[in-house]
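**Q** Dropping a structure here in structure tokens format, bear with me for questions.
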Amino acid sequence: MKHSIFKLVSSLAILFAITSNCKIMGQTSQTDAAIYKKIDEQIKQMTLEEKVGMIHASSSFTSGGVKRLNIPELTMSDGPHGVRIEQGRHWDAGNVHVNDSGTYLPTGVCLASTWNPKLGYAYGSVLGSEANARGKDVILGPGINIIRTPLNGRNFEYQSEDPFLVSKMVVGYIRGVQDQGIAACAKHYLANNQETKRGSINVLMSERALREIYLPGFKAAVTEGGVYAVMGAYNKFRGEWCTENDYLVNKILKKELGFKGVLMSDWGAVHNTMEALWYGTDLEMGTDLGGVKYNKFFLGDTVITLVKKGIVDERLIDEKVKRILYVMYKTHKFDKRPVGSFSTKEHFATAKKVADEGIVLLKNNNNILPLNKNGIKSIALIGVNAARLQSEGGGSSQVRTKYEITPQEGLNRISGGSITISYSPGYEIMRNGTANKQLIDAAVEAAKKADVAIVVGGWAHGYNNYAWRDNAYDAEGTDKPNMDMPFGQNELIEAVVKANPKTIVVLMGGGPIDVSGWVDNIPAIVQAWYPGSEGGNALAEILFGQINPSGKLPMTFPKHLSESPAHALGQYPGDSVNVLYNDDIFVGYRYFDTYKVEPQFAFGHGLSYTKFSYSNMNVVPGNQSATVTLTVTNTGKVAGAEVVQVYVKDDVSTLKRPEKELKGFEKVFLKPGESKKVTIALGKDAFQYYNDIKGQWVLEPGKFTIMVGSSSRDIRATKGIEIR
Ligand code: GLC
């Protein structure tokens, strides 16, 4: 009974979030012209000192206001998958007394694994509503840096290796947040694809790689999502700091893309006054020149002096203040923004829905899954990650939550006492931890006695606040040393499956792990990411078949790190100064498929408990476009969802192009026996590539191959067409 109420709440929550794709009630959506008129009036009344006070932080997470003119501070909070533990006005404020136990949403990679843009909107709605309730104006997310290497410590916060998937998922997220009256902040602009030397590394890439791979997510955030804020990254790009980069910020972001919001720096990412003033930063955050306590900023008193000496034109400051005030109007700082809601059952229901659809079934030999509740009397549950709370780890994206259902709790709930579930840690999470023989022996003994063994392992966050490096393998500020599962988990898995061939492995974490040592001996593998507050329930319901998994990998799982393009073709982490992206556009499956390297699990891969057939594929070419139609049928016995993926190949091109590129997808929900006609439009951009010799997007007429499939490596039908 309880379960069905939860499901009802869950669907109502999604329905509300999706259908309420409108401004929150009571908001007055003024036209931009009206807003700018008011802004001009306000700026005319401001002194130079008051203007400069607005373009840098006034505390750890606020930017300056002007009390005299009733201009409030802008208040911001991390992070991409939940409103962060309260930081108060200074980092070291410590025990700030507020109720900051909110909803811990599944992290970015799990959201992307749903391949469901509508869920992105629901996700953003929760984030916006909870930020609102916590008195924030800006939520510092989504994190949309391309997943270039499996080692990046922040992959868990990001979304994908593919720019098209990022572009589709980011729009819903941003609109969901901003329809709650809160500003989203797309980050980290741009090419912050590693944590190693993030504060100094200079990223070098071709214009083609920039345009085809690293920029599209931010372009979609601005031009389709209408994002109000963008965060300048810590690293350099082609020799200039990202926060002081005329090309990236002034020419591309503000001019070419028409971005009207605020380019705020990452915390402490501004390095020079003149460069930041001229080349892009509107708001300096987190600078530690004595920090906010002593009011020392690059965009602080020095700017006042420069203007008064006539070295800097005051209109340059006005432009920055204008952008900050614009965001204040868009977040209703000058009119009424209804309160949001915090930590509600509807929000947790949305978190569950995202986990339900984001967890990926990677392998399921002989249909060992789903487990039959009546056919099993005992489970040996093994692995620290089965019982571990993750929400507060990982760095700035840490979330304190009202509750976090672990896999152990989820399994105990679903078994309802009818199954004996033993627990053994199997390994220890500790700095440079290795295999622990006693723990492995205990786990083996438990596995021998049980009908089924479930090992829950993978990466792990640092546990307490700021334990980012102590035992963290998925955290800000640090990359993983390699792709090998830490803490002796490989030895554990190999020992357990020897003791019980019915062993299921559940991997938690933000990305690929080298599973080559045991993958062939394990009948079932599930990728659970960091599935949020309701993750344990979602996982348990998937393992027992109450939920049919529909997640698809948003990044390739290589067999070995050396086969990953950033390591096979490109440089990582670079030398002490530069990192050269000579893997170029061949990121992820673009590399594996073009260079014929077999992945462990392919981009877009994810199994279901049912089967889907593809038929009647047709492609009708249009004017530099095409329309793909096909029929998808659920040929199995249970309802399920399939993500139909459309890939395009340019059969003949002047410059080398990838073997395939994702240019369309649709998630279809089908009952047993049900068929649905799917139509996916391919516009001009589905066929173009960026010719950086000519410095423009080009569509070279000729033959193209259109592929439809259940993953980048499970192509079900193809059609050749001529594009004129
Ligand atoms: C951090 C992160 C950024 C975060 C900011 C504020 O260093 O790079 O993602 O939003 O500082 O905590």
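The values are calculated or read from the model by the stated rules, or taken from the named source; none is laboratory data. Please read these numbers as outputs of a predicted model, since none were measured by experiment. Using ideal geometry, Cβ is built from the backbone for each residue, glycine included, and neighbour counts are taken over all protein chains shown.
**Q** So the check is Cβ under 8 Å with 6+ separation or different chains; which pairs have a first residue in the stretch 267-296 that's closer than 29 Å to residue 252 by Cα and of a type outside the set (Val, Ile, Thr) and a second one that's modelled with pLDDT under 85 and within 13 Å of the ligand (Cβ to nearest atom)?
**A** That search, which allows pairs on different chains as well, returns 268/288.
**Q** If you check 117, 142, which single one turns out to be surrounded by fewer than 24 Cβ atoms within 10 Å (Cβ to Cβ), at pLDDT 95 or above and closer than 30 Å to residue 681 by Cα?
**A** Just one listed residue meets the conditions, 117.
**Q** Taking the stretch 193-226 only, how many residues are at positive phi and crowded, with 17+ Cβ neighbours inside 10 Å?
**A** Adding up the residues that qualify gives 1.
**Q** Identify, by number, the condition in (1) in a loop (DSSP other than H, G, I, E, B); (2) within 15 Å of the ligand (Cβ to nearest atom); (3) under 30 Å from residue 338 (Cβ atoms) that residue 135 doesn't meet.
**A** Against the list (1) in a loop (DSSP other than H, G, I, E, B); (2) within 15 Å of the ligand (Cβ to nearest atom); (3) under 30 Å from residue 338 (Cβ atoms), residue 135 comes up short only on (2).
**Q** Among the residues of the stretch 241-259, write down those that are more than 16 Å from the ligand (Cβ to nearest atom) and buried (at least 18 other Cβ atoms within 10 Å of the Cβ). Give the steps one after another, and end with the answer.
**A** Step one: list which residues in the stretch 241-259 are more than 16 Å from the ligand (Cβ to nearest atom), which gives 244-259.
Passing the criteria: 244, 245, 248, 249, 252, 253, 254, 259.
**Q** Something else: Anything in the stretch 611-636 that is at positive phi and either part of a strand (DSSP E or B) or basic (Lys, Arg) (or both)? List them, or say none.
**A** Within the stretch 611-636, just 616 meets the criteria.
**Q** Kindly provide the set of residues from the stretch 154-182 that are under 18 Å from residue 229 (Cβ atoms), within 16 Å of the ligand (Cβ to nearest atom) and in contact with a Phe, Trp or Tyr (Cβ under 8 Å, 6 or more places away or on another chain), ordered by number.
**A** 173 - this is the single residue of the stretch 154-182 that is under 18 Å from residue 229 (Cβ atoms), within 16 Å of the ligand (Cβ to nearest atom) and in contact with a Phe, Trp or Tyr (Cβ under 8 Å, 6 or more places away or on another chain).
**Q** Which condition from (1) in a strand (DSSP E or B); (2) out of contact with any Phe, Trp or Tyr (no Cβ under 9 Å at 6 or more places or on another chain) is the one that residue 596 breaks?
**A** Residue 596 satisfies all of (1) in a strand (DSSP E or B); (2) out of contact with any Phe, Trp or Tyr (no Cβ under 9 Å at 6 or more places or on another chain) except (1).
**Q** I would also like to ask the following. Quick one: in the stretch 208-240, of everything that is over 22 Å from residue 689 (Cβ atoms) and away from the ligand (no atom under 16 Å from the Cβ), which residue is nearest to the chain's Cα centre (by Cα)?
**A** 225
**Q** Okay, next question. Condition (residue is more than 18 Å from residue 75 (Cβ to Cβ) and charged (D, E, K, R)) applied to the stretch 332-351: is it met by at least one residue?
**A** Yes, that holds for at least one residue.
**Q** Continuing with the same structure: Give the stretch 277-297 a look and list any residue that's under 23 Å from residue 78 (Cα atoms) and at pLDDT 95 or above, or say none.
**A** Correct list: 281, 282, 283, 284, 285.
**Q** Looking at the stretch 518-526, is at least one residue under 23 Å from the mean Cα position of the chain (by Cα) and either assigned by TED's automatic domain parsing to the domain that holds residue 479 or over 25 Å from residue 428 (Cβ atoms) (or both)? Reasoning before the result, please.
**A** As a first pass, look at the stretch 518-526 and keep what is under 23 Å from the mean Cα position of the chain (by Cα): 525-526.
From what's left, either assigned by TED's automatic domain parsing to the domain that holds residue 479 or over 25 Å from residue 428 (Cβ atoms) (or both): 525-526.
Within the stretch 518-526 (the criterion being under 23 Å from the mean Cα position of the chain (by Cα) and either assigned by TED's automatic domain parsing to the domain that holds residue 479 or over 25 Å from residue 428 (Cβ atoms) (or both)), the answer is yes, since at least one residue qualifies.
**Q** I've got another one for you. Examine the stretch 531-552 for a residue that is assigned by TED's automatic domain parsing to the domain that holds residue 372 and at positive phi, and state whether such a residue exists.
**A** yes
**Q** Would you mention how many residues in the stretch 366-400 are part of a strand (DSSP E or B) and either surrounded by 22 or more Cβ atoms within 10 Å (Cβ to Cβ) or within 16 Å of the ligand (Cβ to nearest atom) (or both)?
**A** So the count comes out to 4.
**Q** May I pose another question? Against the condition assigned to a helix (DSSP H, G or I), free of Cβ contacts under 8 Å to residues at least 24 places away in the same chain and not hydroxyl-bearing (Ser, Thr, Tyr), how does residue 412 come out, does it pass?
**A** Judged against the criteria, residue 412 is a match.
**Q** Let me ask something else about it. Applying the selection to the stretch 569-585, what residues are in a loop (DSSP other than H, G, I, E, B) and more than 17 Å from residue 152 (Cβ to Cβ)?
**A** 575, 576, 577, 582, 584, 585
**Q** Residues to consider are 111, 127; find the one that is buried (at least 24 other Cβ atoms within 10 Å of the Cβ) and without any contact (Cβ under 8 Å) to a residue 60 or more places away in the chain.
**A** Numbers: 111 fails: without any contact (Cβ under 8 Å) to a residue 60 or more places away in the chain.
Among 111, 127, only 127 is buried (at least 24 other Cβ atoms within 10 Å of the Cβ) and without any contact (Cβ under 8 Å) to a residue 60 or more places away in the chain.
**Q** Ok, one more. Identify, from the list 277, 283, 299, the residue that is within 16 Å of the ligand (Cβ to nearest atom), more than 22 Å from the chain's Cα centre (by Cα) and not small (Gly, Ala, Ser).
**A** Unique residue meeting the criteria: 283.
**Q** If only one of 307, 327 is closer than 30 Å to residue 101 by Cβ, buried (at least 19 other Cβ atoms within 10 Å of the Cβ) and aliphatic (A, V, I, L, M), which one is it? Explain how you work it out, then say what you get.
**A** Values: 307 fails: closer than 30 Å to residue 101 by Cβ.
When all the criteria are applied, what remains is 327.
**Q** Another question about this same structure. Would you be able to tell me the number of residues in the stretch 40-83 that are buried (at least 24 other Cβ atoms within 10 Å of the Cβ) and within 16 Å of the ligand (Cβ to nearest atom)?
**A** The total comes to 13.
**Q** Ok, one more. How do the pairs read when you match residues in the stretch 86-107 that are more than 22 Å from residue 347 (Cβ to Cβ) with residues anywhere that are more than 16 Å from the ligand (Cβ to nearest atom) and modelled with pLDDT under 85, using Cβ under 7 Å and keeping only pairs 6 or more apart or on different chains?
**A** Qualifying pairs under 7 Å: 90/293.
**Q** Separate question: Kindly state which strands (runs of 3 or more DSSP E) lie completely within the stretch 197-296 and contain at least 2 residues that are under 24 Å from residue 162 (Cβ atoms). Please lay out each step first, then the result.
**A** Working: elements: 202-204, 229-232, 262-265.
Ranges flagged: 202-204, 229-232.
**Q** Going through the stretch 494-513 one residue at a time, which ones are surrounded by fewer than 19 Cβ atoms within 10 Å (Cβ to Cβ) and either touching a Leu at 6+ places or on another chain (Cβ under 9 Å) or within 30 Å of residue 147 (Cα to Cα) (or both)?
**A** Across the stretch 494-513, the qualifying residue is only 494.
**Q** Mind listing whichever residues of the stretch 192-207 are under 19 Å from residue 395 (Cβ atoms) and away from the ligand (no atom under 12 Å from the Cβ)?
**A** The answer is 193, 194, 196, 197, 200, 201.
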